[in-house]
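Asks: Here you go, one structure.
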Amino acid sequence: MSKLKLELVGGDEIYPSQEFLDSREDDVPTKQLATFELLTGKETVTFHVQEVGAALQSIDDWWHVTHGNDFYQLLRNTKSWIETKTASQTIHKLCLC
């Protein structure tokens, strides 16, 4: 069985999601990026949940379940992880203002 290996170099481009459009202009499919409206009223490009999920699954392949640090085990143990970090006072507060 073949395996695909993908190596990314710093500065590689990541393209935002595109909306599915069932229309054509001059018999050519049109392209429209997925967008999200910010609190300021401006629009920015965004990623669909499927694209983010695929990225997480790809990253999760880097860590094996036997090591206990794969994404889904970390997610399952979130409460314990937060309690441990809170007790050790190593959580840095983040404000997305």
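The values are calculated or read from the model by the stated rules, or taken from the named source; none is laboratory data. Keep in mind it's a predicted model, so treat the numbers as computed, not measured. No Cβ is skipped: glycine too gets one built from the backbone with ideal geometry, and neighbour counts run over all protein chains shown.
Asks: Pick from VAL65, VAL49, VAL45: which is surrounded by 10 or more Cβ atoms within 10 Å (Cβ to Cβ), under 16 Å from the mean Cα position of the chain (by Cα) and at pLDDT 70 or above? Explain how you work it out, then say what you get.
Replies: Values: VAL65 fails: under 16 Å from the mean Cα position of the chain (by Cα); VAL49 fails: surrounded by 10 or more Cβ atoms within 10 Å (Cβ to Cβ).
Only one candidate passes the filter, namely VAL45.
So that you can scan it fast, the table gives a plain yes or no per residue for (1) part of a helix (DSSP H, G or I); (2) at pLDDT below 75:
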position	(1), (2)
PRO16	no, yes
LEU56	yes, yes
GLN73	yes, no
ILE91	no, yes
LEU96	no, yes
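Asks: While we're on this one: Pairs needed: first member in the stretch 35-60, free of Cβ contacts under 8 Å to residues at least 24 places away in the same chain; second member anywhere, part of a helix (DSSP H, G or I) and not small (Gly, Ala, Ser); C-beta distance under 6 Å; at least 6 residues apart or different chains.
Replies: Pairs found: LEU56/PHE71; ASP60/PHE71.
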